[in-house]
Amino acid sequence: MNSIIVDDDKMARIALKQLISNFEFLNLKKECCNAMEAYNYLKKETIDLVFLNVEMPGMSGIELIKNLVRRPIIVLISSNKDYAVEAFELYVADYIVRPVSPERFSKAVSKVKDLFDIKDLIIHVYEKEADFIFVRSNSKLTRIKINDIIFIQAIGDSVDIITKDKCNTVNCTLENMEEKLPVNKFYRLHSSFLVSTSYIDNVEDNVAYLGHHVLPIEEQYKTEVYKKFNRN
């Protein structure tokens with residue numbers, strides 16, 4: 001797991017680095033001495049896990065979490081217990097109160113590993129037919145009914161899953177989603193769009209209409225799309 005440390009205290013960073021070194025599956029990519037440095041780094045890099053101090057000058061750890069668009073798994077660390085409730089409302093994986101013992105750190109890492117091993121997408125099958133999926137969005141597992149998915153859009157190294165009333169951002173590829181969803185219910189219109197055939201109202205020229213959503217049909221998919229919907 002690609003990980004970073006965010007802490008303004010140099011000695012705290014050294015201690016955390018030593019603890020991380022005991023776990024082979026943790027790959028420490030960077031040490032940040034403030035939240036803004038981490039924010040800029042996380043905008044550019046794909047990181048799985050952040051060990052984050054709460055109280056720092058300028059932007060706090062809590063404020064950093066609230067400002068992240070794509071959120072990795074987060075373990076908050078603080079000398080103060082008072083932030084724990086707010087932290088768990090932000091769905092952090094764990095909250096460690098200093099001093100950080102090897103045993104307590106190991107417990108947090110074990111919890112993180114379990115979360116990571118769930119992967120970004122899990123399909124549950126009942127009577128040989130998938131009814132719903134669980135996705136990890138902002139470090140929280142959310143259940144989504146497959147029949148509620150209108151379309152899925154690839155955005156960088158993540159996807160937006162659009163349902164009737166919500167958008168969930170998941171850190172995975174469109175190809176991964178396509179592999180997991182029922183092939184008879186979802187169809188590729190574009191390199192960036194996977195759509196539910198149940199919601200397609202009309203196909204015209206180079207666009208598909210799904211209610212108030214108007215999605216482009218890429219040239220390489222056009223022949224197959226028209227064949228599927230009996231267009232000449």
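Just a few scattered comments:
- What the phi angles of region 30-46 give under the Karplus curve with 6.51, -1.76 and 1.60, with θ = phi - 60°, is a coupling list of 6, 10, 10, 8, 7, 5, 5, 4, 5, 4, 5, 5, 5, 5, 9, 10, 8 Hz, glycine and proline written as x.
- Where both bridge residues fall in the chain, DSSP classifies roughly 65% of the beta bridges as antiparallel.
- Vicinal HN-Hα couplings computed from phi for region 190-195 (Karplus, 6.51 cos²θ - 1.76 cosθ + 1.60; Hz; Gly/Pro x): 7, 5, 10, 9, 10, 10
- Option label - Rg and Dmax of the Cα atoms in Å computed here, alternatives (i) 18.2, 56; (ii) 21.1, 70; (iii) 22.0, 69: (ii)
- Annotation: extensible slack from residue 30 through residue 191 equals 54.7 nm (criterion: 0.36 nm per residue apart, minus Cα-Cα distance).
- Under a 5 Å amide H cut-off, with hydrogens placed 1.01 Å from N, residue 190 pairs with 218 among residues at least 5 apart or on other chains.
- Listed residues 163, 153, 214: farthest to the positive end of the dipole of region 147-228 (Cβ charges): 163
- Extension gain, residue 207 to residue 173: 0.36 nm times the residue separation minus the Cα-Cα distance gives 10.0 nm.
- Farthest towards the positive end of the charge dipole of the chain, among the residues 176, 100, 191, is the Cα of 100, using unit charges on the Cβ of Lys, Arg, Asp and Glu.
- Dipole magnitude for the chain: computed about the Cα centre from +1 point charges on Lys and Arg Cβ and -1 point charges on Asp and Glu Cβ, it is near 240 debye.
- Region 2-117, dipole about Cα centre (Lys/Arg Cβ +1, Asp/Glu Cβ -1), debye to the nearest 20: 220
- Centre separation in Å (Cα based) which lies between region 73-95 and region 181-232: 43
- Ranked by the mean number of other Cβ atoms within 10 Å per residue, highest first, peptides 213-219, 51-57 order as 51-57, 213-219.
- Couplings for region 142-151, taken from phi via the Karplus curve 6.51 cos²θ - 1.76 cosθ + 1.60 with θ = phi - 60°, read 10, 8, 10, 5, 4, 5, 8, 6, 8, 7 Hz in order; Gly and Pro are left as x.
Only the coordinates and a few stated rules stand behind these numbers; no lab work does. For clarity, every value in this text was computed on a predicted model and none was experimentally measured. Ideal geometry is used to build each Cβ from the backbone, glycine not excepted, and the neighbour counts take in all protein chains shown.
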